[in-house]
Amino acid sequence: MSDTVEPGQPYPLGADPRPDGVSFSMYSADATGIELLFFDAVDGPRPARVIALDPARHRTNHYWHCFVPGLGPGQLYAYRAIGPRAPERGLRFDPNTPLIDPYGRCVALPSGYDRRAASAPGDNTAVAMKSVVVDVSGYDWEGDAPLHRPFSQTVIYEMHVGGFTRHPSSGIAAPKRGTYAGLIEKIPYLVELGITAVELLPVFQFDPSDAPPGRVNYWGYAPVSFFAPHQGYSSRTDPLGAIDEFRDLVKALHRAGIEVILDVVFNHTAEGDDRGPTFCFKGLQNDAYYILEPDRARYANYTGTGNTLNGNHPVVRRMIVDSLRYWVEVMHVDGFRFDLASILSRDELGRPLPNPPVLFDIETDPVLAGTKLIAEAWDAAGLYQVGGFVGDFWQEWNGHFRDDVRAFVRGDRCTVQRLASRLLGSPDIYGHEEREPEQSVNFVTCHDGFTLNDLVSYDRKHNEANGEDNRDGANDNRSWNCGVEGPSDDPQIEALRGRQIRNLLALNLFALGTPMILMGDEARRTQLGNNNAYCQDNEIGWLDWTLVERHRDLQRFVKQLIALRQRRELSAGDHGLTLNQILARARIEWHGVRLGQPDWGDDSHSLACTLWSLSGRLTIHMMVSAYWEPLRFELPPPPGGPMAPWHRLIDTALDAPEDIVPPEEARPIAADSYELRPRSLVLLLGQVE
């Protein structure tokens, strides 16, 4: 490393390795001085070298920059920012605290990393995170590129990288359990199910210690960096290993025809509230990166985590777009699901904006064109924008679908009309926009809440293991335990639960929209009634692969559902039509137990419909009952005439393998009526030619 330090340039931000050295640049408007620190070891108690940047040579506007000759990839570094510590003005500089680079591509954590030490003023160098200089240009992608699969062909599997293979029963060698490499070995399982996209819970570097005492942050919604992959998911011990191992995972998934969607957290960071740690943004320019309360000393908390990222500040807007570009261009990901996306519509005072700049920056960026953009269109402070999220190309998690399908299957009153709307792509929510039906991302379960097994096994949450006296997690789950709270050996209870699970899966996968299923639901994964397992990096949060073996029939059911959905004649297909156009052209007839007489009343618990494919060659007749006694439904005449009867594809009340069969194995139904067992769903197929 040369002793000389050149002025450098403001662009690019971060640490940019060159053949003869490394360029550094970062933003701080109110710092009076910046020190660049170099370390020989991640747990070093003091830097090996300190470069004090000269404002006259190393500052352009609000950007501090330099070029250090002789430096290369692998170098550990951090910053110290000198400036006013004036919380009442929104400024929290501390000249003794090392700060990671907001644009750093890799974060190294010392073995003694201490979140508490970063929460108090003073020198915590030995136990602080460090950034690492990374050269990302040498990876061999072997011709790989994002897949750009249409949403109409997409089936999403929401999953946790660690929890998917961390259980000893996964069959993965111990060093690779819970890692990107471990997930690669399980790709054939996803292919067999028919999954076309994985939605990975946060893989940006997060702070595992951002959790209640004695617990860890398992889900990862505690970001410390928006550019670095999480080191804890790498089987490699070197700090640069996570980057290439993540890219190995993306490349392997693409080869299997599976897209990669990242759950991204651009709404807060792990720095917490005014009592929380300082490891980056607070210490560099607190009032730019965060939305502050009017007193400027406290943080607005629209996230429920202690702080809120100031997404529409110009510097933060640029950082968000640069991060997304990096993950698309350098890491080849296919899309993003934005956690609490509605926060990105708030201004620096927390007010919702009609045209939020950052959302249009994302949507109009040419690098991101064709990238899947999915919004969780609400936040933790009551802003709910499902059906009204800003933009032309965003898909939305449809929380109404989850709530209404759960309520119907449970047997609630006043649910039949809402169920009909959810099955047709939710035109009551999205019909005012001329958008594709896949705008609605349909789900019954996700990481946040009960698993599908627990939804039919518990009436109430059981979050005692989280250490918050069961206060955390949602109380409104619209669940039903089928008669016994928790696990049961009663064959009738188990049969009913299995039937309810199949009902929920069938409704989810056959509704117009983009279906998403939760990791392990196809194997009846349980969290023992915990509906907020964010801090459970243990068997509560992991997928137990012995369940996969035990519930092979349910996996077969899911596999067949997905295969039916993907049959071109049975789906909305790639017709290029909007939801409104499809509904206007489609032939749909609604029924109750009697043909042409649907019961839309508040006390109705059943519905039937006949749907003709847009080509007119196939007809589907579906009957669904949440009633607790058998119901006999009249059947319409077979569309192909008496010589081409209806054929039964699905009856969730039947034992496997008769509960679902492929069309070529479907049995004919010659009668003019069909009896549905209590709480069951039947799907019949008719062929015109």
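The values are calculated or read from the model by the stated rules, or taken from the named source; none is laboratory data. Note that this is a predicted model, so its numbers are computed, not measured. Glycine gets a Cβ as well: all are built from the backbone with ideal geometry, and neighbour counts include every protein chain shown. To get the accessible areas, we keep the full protein, side chains included, count just its heavy atoms, and leave off ligands, DNA and RNA. Shrake-Rupley method; radii C 1.70, N 1.55, O 1.52, S 1.80 Å.
Do we find that Glu35 is part of a strand (DSSP E or B) and either over 27 Å from Ala242 (Cβ atoms) or not hydrophobic (A, V, I, L, M, F, W, C) (or both) in this structure? Taking the combined requirement at face value, the residue satisfies it. Can you tell me which residue in segment 137-161 is farthest from Cys280 (Cα to Cα), limited to those that are open to solvent by 40 Å² or more (accessible area, probe 1.4 Å) and either hydrophobic (A, V, I, L, M, F, W, C) or under 21 Å from the mean Cα position of the chain (by Cα) (or both)? This residue is Gln153. Taken over segment 514-555, the criterion of being open to solvent by less than 40 Å² (accessible area, probe 1.4 Å) and assigned to a helix (DSSP H, G or I) is satisfied by Asp521, Glu522, Ala523, Trp545, Leu547, Val548, Leu554, Gln555.
Contact map, segment 123-141: residues that are free of Cβ contacts under 8 Å to residues at least 40 places away in the same chain and among the acidic types (Asp, Glu) paired with residues that are open to solvent by 10 Å² or more (accessible area, probe 1.4 Å) and part of a loop (DSSP other than H, G, I, E, B), Cβ distance under 8 Å, separation 6+ or inter-chain. Pairs shown: Asp123/Asn96. Go through segment 95-107 and give me each residue that's open to solvent by 10 Å² or more (accessible area, probe 1.4 Å) and either among the hydrophobic types (A, V, I, L, M, F, W, C) or more than 35 Å from the chain's Cα centre (by Cα) (or both). Within segment 95-107, Pro95, Asn96 qualify. Pairs linking a residue in segment 641-653 that is modelled with pLDDT of 95 or more to a residue that is of a type in the set (S, T, N, Q) and not in a loop (DSSP other than H, G, I, E, B), with Cβ atoms under 6 Å and 6 or more positions apart or on different chains, are Thr652/Asn503; Thr652/Ser680; Ala653/Ser680.
Please determine whether any residue of segment 608-626 is in a loop (DSSP other than H, G, I, E, B), at pLDDT 95 or above and surrounded by fewer than 20 Cβ atoms within 10 Å (Cβ to Cβ).
Residues of segment 608-626 in a loop (DSSP other than H, G, I, E, B): 613-617, 626.
Right, trim to at pLDDT 95 or above and you get 626.
Next, only the ones that are surrounded by fewer than 20 Cβ atoms within 10 Å (Cβ to Cβ) stay: none.
Within segment 608-626 (the criterion being in a loop (DSSP other than H, G, I, E, B), at pLDDT 95 or above and surrounded by fewer than 20 Cβ atoms within 10 Å (Cβ to Cβ)), the answer is no, since none of the residues qualifies.
If you go through segment 667-680 one residue at a time, do you hit one that is open to solvent by less than 30 Å² (accessible area, probe 1.4 Å) and within 17 Å of Arg565 (Cβ to Cβ)? No, segment 667-680 has no match at all.
Residue-level check: of (1) under 30 Å from Val250 (Cβ atoms); (2) small (Gly, Ala, Ser); (3) surrounded by fewer than 19 Cβ atoms within 10 Å (Cβ to Cβ), Gly335 misses just (3).
Of all positions in segment 263-278, at least one carries a residue that is closer than 24 Å to Ile187 by Cβ, outside any helix (DSSP H, G or I), out of contact with any Ser or Thr (no Cβ under 9 Å at 6 or more places or on another chain) and charged (D, E, K, R). Scanning segment 627-653 for residues being under 28 Å from Arg413 (Cβ atoms) and outside any strand (DSSP E or B) gives a total of 8.
Note on segment 1-48: among residues that are farther than 18 Å from Leu71 by Cα and charged (D, E, K, R), the one that is surrounded by the fewest Cβ atoms within 10 Å (Cβ to Cβ) is Arg46. On the given criteria, is Asn466 without any contact (Cβ under 8 Å) to a residue 40 or more places away in the chain, closer than 27 Å to Asp537 by Cα and not basic (Lys, Arg)? Here the answer is no, as Asn466 does not meet what is asked.
Each row is one residue, and each column tells you yes or no for (1) open to solvent by less than 20 Å² (accessible area, probe 1.4 Å); (2) over 21 Å from the mean Cα position of the chain (by Cα).
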| residue | (1), (2) |
| --- | --- |
| Val405 | yes, no |
| Phe408 | yes, yes |
| Asp412 | no, yes |
| Gln439 | yes, no |
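A single entry from Gly220, Gly178 fulfils the requirement of being of a type in the set (Gly, Ala, Ser), touching a Ser or Thr at 6+ places or on another chain (Cβ under 7 Å) and in a loop (DSSP other than H, G, I, E, B): Gly178.
Scanning segment 1-33 for residues that are among the acidic types (Asp, Glu) and over 18 Å from Pro102 (Cβ atoms) yields Asp3, Glu6, Asp20.
State the number of residues belonging to segment 112-141 that are out of contact with any helix residue (DSSP H, G or I) (no Cβ under 7 Å at 6 or more places or on another chain) and of a type outside the set (Lys, Arg).
Counting residues in segment 112-141 that are out of contact with any helix residue (DSSP H, G or I) (no Cβ under 7 Å at 6 or more places or on another chain) and of a type outside the set (Lys, Arg) gives 16.
Can you pull out every residue in segment 150-172 that is over 20 Å from Arg435 (Cα atoms) and touching a helix residue (DSSP H, G or I) at 6+ places or on another chain (Cβ under 7 Å)? Listed by number, the residues that qualify are Tyr157, Val161, Gly162, Phe164, Thr165, His167, Ser169, Ser170, Gly171, Ile172.
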